[in-house]
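Here the structure is laid out as structure tokens; the discussion comes afterwards.
The values are calculated or read from the model by the stated rules, or taken from the named source; none is laboratory data. All values reported here derive from a predicted model rather than from experimental measurement. Using ideal geometry, Cβ is built from the backbone for each residue, glycine included, and neighbour counts are taken over all protein chains shown. Just so you know, the surface numbers come from the protein's heavy atoms only, side chains and all, with ligands and any DNA or RNA stripped out. Shrake-Rupley method; radii C 1.70, N 1.55, O 1.52, S 1.80 Å.
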Amino acid sequence: MTVNSPELDPKTDLSFTRTLAVPRQLVWDCWTMPEHIPHFFIPRPHKVTAVDIDLRVGGRFNTTFDVEGNVMDNKGVYLEVVPGEKLVFTDTYTEGWKPAPEPFMTAILILGDAPGGGTTYTAIARHRSPETRETHEKMGFFDGWGTVVTQLEDYAKGLAR
């Protein structure tokens with residue numbers, strides 16, 4: 001099965017694609033197994049201090065961060081799970097489809113095979129409004145998410161040894 005990227009709306013979506021020098025299954029495992037998330041999911045020196053994953057549509061994807069001594073809870077659910085190929089999760093809802101009071105975005109990750117055994121990695125952040133998209137871009141979407149994918153690749157290379 002090949003997953004196509006959703007049509008992007010430049011007014012509300014941010015995205016980038018990179019080729020990673022690690023196998024797609026390993027990238028998938030890193031994104032879907034709680035023990036791996038703390039090693040890459042937030043730019044260092046910030047830390048992930050807790051992860052709770054129930055990998056199914058409607059299942060939770062909850063993380064807790066330590067950002068400069070501030071605890072940040074991030075609760076969400078999976079909207080789509082295509083094993084080895086696509087993850088869609090959002091903070092618009094929490095488990096049990098309870099609406100979040102202040103949702104920010106929906107994340108879409110699409111993984112494909114790249115030449116030489118690597119992974120084509122596409123990350124999309126879909127926002128509710130152009131203003132929210134602009135806020136996320138100014139917060140450092142490209143640098144922050146770019147750092148995360150670099151940390152993911154470095155971490156996964158260590159697992160592949």
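Need the failing condition index for Gly58 against (1) in a loop (DSSP other than H, G, I, E, B); (2) small (Gly, Ala, Ser); (3) open to solvent by 20 Å² or more (accessible area, probe 1.4 Å); (4) modelled with pLDDT of 95 or more, just the number.
Status for Gly58: all satisfied but (3).
Looking at Leu26, is it in contact with a Ser or Thr (Cβ under 6 Å, 6 or more places away or on another chain), open to solvent by less than 40 Å² (accessible area, probe 1.4 Å) and in contact (Cβ under 8 Å) with a residue 12 or more places away in the chain? Break it down stepwise before answering.
Numbers: in contact with a Ser or Thr (Cβ under 6 Å, 6 or more places away or on another chain): no; open to solvent by less than 40 Å² (accessible area, probe 1.4 Å): yes; in contact (Cβ under 8 Å) with a residue 12 or more places away in the chain: yes.
In short, no.
Can you find a residue in the range 113-122 that is at pLDDT 95 or above, within 13 Å of the chain's Cα centre (by Cα), within 23 Å of Leu8 (Cβ to Cβ) and open to solvent by 60 Å² or more (accessible area, probe 1.4 Å)?
Pass one, the range 113-122, residues at pLDDT 95 or above: 113-114, 118-122.
Restricting the remaining residues to those that are within 13 Å of the chain's Cα centre (by Cα) gives 121-122.
Then keep just the ones that are within 23 Å of Leu8 (Cβ to Cβ); that gives 121-122.
Checking which are open to solvent by 60 Å² or more (accessible area, probe 1.4 Å) leaves us with none.
No; the residues of the range 113-122 include none that is at pLDDT 95 or above, within 13 Å of the chain's Cα centre (by Cα), within 23 Å of Leu8 (Cβ to Cβ) and open to solvent by 60 Å² or more (accessible area, probe 1.4 Å).
Given the conditions (1) under 26 Å from Ala21 (Cα atoms); (2) open to solvent by 70 Å² or more (accessible area, probe 1.4 Å), and given that Gly144 satisfies all but one, which numbered condition is not satisfied?
Every listed condition holds for Gly144 apart from (2).
Residues to consider are Leu87, Leu79, Leu109, Leu20; find the one that is open to solvent by 20 Å² or more (accessible area, probe 1.4 Å) and aliphatic (A, V, I, L, M). Steps first, please.
Details: Leu87 fails: open to solvent by 20 Å² or more (accessible area, probe 1.4 Å); Leu109 fails: open to solvent by 20 Å² or more (accessible area, probe 1.4 Å); Leu20 fails: open to solvent by 20 Å² or more (accessible area, probe 1.4 Å).
Only one candidate qualifies: Leu79.
In the range 40-61, which residues are closer than 21 Å to Met139 by Cβ and not β-branched (Val, Ile, Thr)?
Hits for the range 40-61 are Phe40, Phe41, Pro43, Arg44, Pro45, His46, Lys47, Phe61.
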